[in-house]
Amino acid sequence: MAGSILGTRVQRKEDPKFLTTGGVYVDDLNEDLLAGALHVVYARSAVAHGTILSIDVDGAKDMPGVVGVFTAEALGLEPVPSTYSPIVARALLASDKVRWVGEPVVAVVAETAAQAADAAEMVFVDVDFLPTLVDIETAMASDTLIYEAAGSNAVFDTTARGMPDNTATDDYFADCEVVVSGRFLNQRVAPCPLEVRGSAATWVDGRLYQWLSTQHAQGVKGPIAAANGVEPDVVRVLTPDVGGPSCAKIGTNGEEMLLGPISKALGRPVRWRETRSESMMNLGHGRAQLQYVTIGGTREGKVTHYQLHLLQDAGAFADVGGVLGFAMTRPMVSAVYDIPNVECRATTVLTNTTPTVPYRGAGRPEATAAAERAMDLFAAEIGKDAAEVRRINLIPKFLEPHATAIGHTYDVGDFEGALDKALEAAGYADLRAEQARRREAGDDKQLGIGVSVYVEITGGVDPMGEAAKIEVQDDGTALVYTGTSPHGQGHDTSWSMIASDQTGIPIDKITLIWGDTDLVPEGGGTMGSRSLQVGGSAVNKASIELVEKAQQLAARLLEADESDIVLDKDNGAFHVAGTPAVSKTWADLAVAAKGQGDDLTIDTRFDAGQATFPFGAHVSVVEVDTGTGQVKHLRQIACDDAGRVVNPMLLDGQIHGGIAQGTAQALLEEVRYDEDGNPVTSNLADYGMISSAELPSFEVIHMETPTFVNPLGAKGIGESGTIGSTPAVQSAVIDALSHLGVRHIDMPATAEKVWRAIQGTDT
């Protein structure tokens, strides 16, 4: 009998479609239900902050092809309170104020998208300008309020929940021999998915059918239903192929939620697709944290106290991105280190910028970035090697739950093991020797080595479980229904591998069904790197239960005791132990079940009950031209431990994508605004997207420490590469210049910023 397919490099089942005929995305839909669909374009605010005096839509109504023009008043929209800060409320179309450039004000509907775009240009919004607040610290201290009812632009603080705060006192670090502080910017970045947002909607026999590019079809049913004033079962959400979300498509936005009311008002299907510039301005932005860090300990290198006060930029609305500092950064502030005294204060601040959203890692990379920068500062202050200081302070290997000083509990970890593997693969001693040689020679191009050790949380968002269903067809093929959402990770391949491993049904005979809330009513979607550990475990559980049900049926057909029935996975057939000549295939059993008024189907659920904590260590090697400030990324060594590996090829793909995204933040990417709140990076010509030309070949090291949280022993891996790479690359750039007195450079380490640091004008 062949061994398990799990752990082998299986080619992606999805790729032939995407590489030949192509995927079907929202904008490609050719559904009969959408025949004659109108096109919606939103007229958006050109002002970052102001009171709306009037909205003139007469010019738009007179444009060719226009069928309807809708304001908040015309649609009867009332302000909707924020889920996370209810005192902050706004309508899905701006009605009283505009609060960021790009905020939707009017929906224009026409026969064609071009006609709607032209008509939107004829909408005139008269605005009484208000002071614009772009900077987090300025907004926090300002008397100008973005939402008057909130009473402050600081709409959330952990101290209001009774959590400790010693950031204003000196006593906390009184017993430390060494104390170092830093102010770090974890800059605002754009998700930039390959596929921008898009949606289509129509009413059929009293039901709303809405197609959506989303990570969580089941999760958006409620908000869409609420926007339409109907019960959730009236709404059917359908998700075609999704061209990447970077976590920004977890929920649904006003532009999408308004399509149902507009379709009902006009009695016709409607479609909407944003432009790339609209996506850059309005999809939501990630990160956007300002961090005040203080670290203290002994001159021998033991860290005893660590404190982080973070200001989370929520943008112009207190959405989910605004609470990530509290919900995701704070729990992970202890990082991989055995520090007895750890505190974190999180403050959420409103600004006149695009609202923030989860972005690959969603709060966890920010925690790692702060801790790793603090460790570097501490090591520099005491004159010790950065890797050695980390080793001194790492939590020792543990295979049972470990509680951190901040109050979080990790499942299993071997942080020192990951560090050792990464340093060995990098040839760390040789790199330091080469660095010393270049420094002694006064080379124009200096070598920098950055080290990061990280731990993150995956599967830590509700629900911590997932549904799965397997249905065997009369021909012996199987349908697997999942509540997770594939958008590039390889779910079709992985889920088929898991089901095949238990059932013996070949993976090419297994079809994955997802993203239709009528067919899959229950599902937690894809976010927080939860898919494999909960969705895959659900498929594994369903497969085991399916085999058990099939054994019972086979026993009756073969007139044998159930305990004597065995599954020959190589042939996909059941037989009595010792007599393989007489057997029943999956097709035989499916037909027999139907003949008995049953079916060969299992519908089940797996509940993990807790999160898992992947970890790893990265080493970055860069070369910095001291004359120009140009950074060249030479090497990236990544040791990432995501528990048991189901498919190493898919694992590598996730790590590669994460490293590219993390490196991009460290070196290139930044959403910027001018002083009036106008975005100056609203297209891919102005925004520093990374390409393969700026990246080295990644050196990936597999390490497996299985978790006990799920039967697969697997943890999430989709975000780990980003978390490990970003601080390593940033540290490498600073390390290349440390002998020149440079102690810190905020991300992104652009050539200009690095050059200024060398000149001593920005350290």
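Please give the contour-minus-distance gain from ASP143 to SER691: 0.36 nm per residue of separation, less the Cα-Cα distance, rounded to one decimal in nm. Here the segment from ASP143 to SER691 would lengthen by 193.0 nm. Temperature 37 °C, viscosity 0.692 mPa s: under these conditions the Stokes-Einstein estimate for the stretch 31-130, based on its Kirkwood radius over C-alpha pairs, is 231 µm² per second.
Here's the list of lysines a cross-link from LYS594 could span, going by alpha-carbon distance under 18 Å and ignoring same-chain residues fewer than 8 apart: LYS469, LYS549, LYS584. Within the same chain, lysines fewer than 8 places from LYS753 are excluded, and of the rest, those with a Cα less than 21 Å from its Cα are LYS445, LYS632. The H on the amide N of GLY68, modeled in the peptide plane, is under 5 Å from the matching H of VAL109, each at least 5 residues off or on a different chain. Across the stretch 565-661, the fraction of Cα-Cα pairs farther apart than 23 Å, rounded to a whole number, is 63%. Stretching ASP603 away from GLU699 to a fully extended chain increases their span by 30.5 nm, per 0.36 nm per residue minus the current alpha-carbon distance. Compactness of the stretch 197-273, taken as the C-alpha radius of gyration over 2.2 N^0.38 Å, stands at 0.99. Shown here for the stretch 317-400: trypsin sites (Lys or Arg not before Pro) in loop regions (DSSP other than H, G, I, E, B) with at most 14 other Cβ atoms within 10 Å, namely LYS397. Residues CYS344, CYS176 in ascending order of nearby Cβ atoms (within 10 Å, fewest first): CYS176, CYS344.
By the rule of a C-alpha distance below 17 Å, with chain neighbours fewer than 8 residues away ignored, the lysines paired with LYS249 are LYS221. Taking amide H positions as modeled 1.01 Å from N, with prolines and chain starts lacking one, the residues under 5 Å from GLY315 and 5 or more places away or on another chain are THR351, THR356.
Residues VAL520, VAL101, VAL349, ranked from the fewest to the most other C-beta atoms within 10 Å, line up as VAL520, VAL101, VAL349.
Inter-label distance, SER4 to ALA577: 2.2 nm, where each label sits 7 Å from its Cα along the C-beta direction.
Computing FRET efficiency as 1/(1 + (r/R0)^6) for LEU33 and THR112, where r is the C-beta to C-beta distance and R0 is 25 Å, gives about 0.85. Size estimate for the chain follows the Kirkwood approach: the inverse of mean 1/r over distinct Cα pairs works out to 27.7 Å. Step by step: find N for the stretch 460-607, compute 2.2 N^0.38 Å, then divide the Cα radius of gyration by it. What's the final number? Against the compact-globule rule of thumb, the ratio is 1.07.
Computed over the stretch 519-605, the Cα gyration tensor eigenvalues convert (square root of 5λ each) into semi-axes of 30, 15, 10 Å, ordered from largest to smallest. Is any residue of the stretch 610-633 close enough, with backbone N under 15 Å, to a label point placed 7 angstrom from the Cα of GLN759 along the Cα-Cβ axis, and if so, which? 626-630, by backbone N distance to the label point.
Values quoted throughout were computed directly from the atomic coordinates according to the rules given, and no laboratory measurement underlies them. Bear in mind the structure is a predicted one, so any value in this text is a computation, not a measurement. We place every Cβ from the backbone using ideal geometry, glycine too, and count neighbours over all the protein chains shown.
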